[in-house]
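Just so it is clear, none of the values below were taken in a lab; they were calculated from the coordinates. Everything numeric in this text was worked out from a predicted model, so none of it was measured. Virtual Cβ from ideal backbone geometry, glycine too; neighbours counted across all protein chains shown.
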Amino acid sequence: MTVSVIVPAKPYTDDIERAQVIKDQLSNYVDFIVSTEGDHPATARNEGARKARGTNLLFIDADMNIPKLDCNYLESFNYDLATAMYTSEYDSIPIVAQNVFALTGNPFSFYGGFMWVRSHIFTRLNGFRRMPAEDVEFANRAWKLGYRIEVFPFYVEHTRRFRWANAIGPTVTEEGIWGIP
């Protein structure tokens, strides 16, 4: 098994520099892709995944602080989809909610900051949709197909303020209401 790390980044911010910090925190990956494609995180993530060669994909937003991680360690959990527990100096209510959701395997735990997914599942779901809350919507589609959402036993730190509009987004897709599972 192999891991491709994908960091969606905006080229006109400090995201490129932050991606290097993330790269330095990781070991044993097959590719490290900083994707600056498009004007939406879904576009950048999908383009990065298209270029990836790994059997597992790890999406990490450039504004995350992560512990030193060995990708072989992450693979040892044999998870289909996974996230980590979050910390933040900002917005404790959304962070607490995310962690509670993570511990219960709820798709609402699958925030874009740190997402693990097997490549074949990503392909089966045709990637992220270009919409608000694309990460949670992706996890909800996977959950409906019977994939479990797990949580790694470590914390990552979200370094920017939480944006409620991004988290709530529209609740109706072409399949109907995806709502709270």
Please rank H158, H120, fewest neighbouring Cβ atoms within 10 Å first, as an exposure proxy. H120, H158
Given a Förster distance of 45 Å, report the FRET efficiency between D24 and K144 from their Cβ-Cβ distance, rounded to the nearest 0.05. 0.75
Just want to confirm a number: the relative contact order over the chain, from Cα pairs under 8 angstrom separated by 6+ residues, in percent. 24 percent
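Arrange the following residues from fewest to most other Cβ atoms within 10 Å of their Cβ: S4, S88.
S88, S4
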Given the rule -39500 (n - 2.57) for each run of at least 4 DSSP H residues, summed and divided by the residues of the chain, what is its mean residue ellipticity at 222 nm, to the nearest 500 deg cm²/dmol? -9500 deg cm²/dmol
Give the percent of DSSP beta bridges with both residues in the range 1-160 that are antiparallel, rounded to the nearest 5. 35 percent
Once the piece of chain linking Y73 and Y155 is laid out straight, how much longer is it, given 0.36 nm per residue of separation minus the C-alpha distance between them? 28.0 nm
Calculate, in nm to one decimal, what N65 and K10 gain on full extension: separation in residues at 0.36 nm each, minus their alpha carbon distance. 18.1 nm
Here are some values of percent of Cα pairs over 19 Å apart: (i) 68; (ii) 54; (iii) 73. Which one was computed from this structure? (ii)
Per the 1/(1 + (r/R0)^6) rule, R0 = 41 Å and r from the Cβ atoms of D31 and T104, FRET efficiency to 0.05 is 0.80
Of M131, M115, how do they rank once you tally other Cβ atoms within 10 Å and put the fewest first? M131, M115
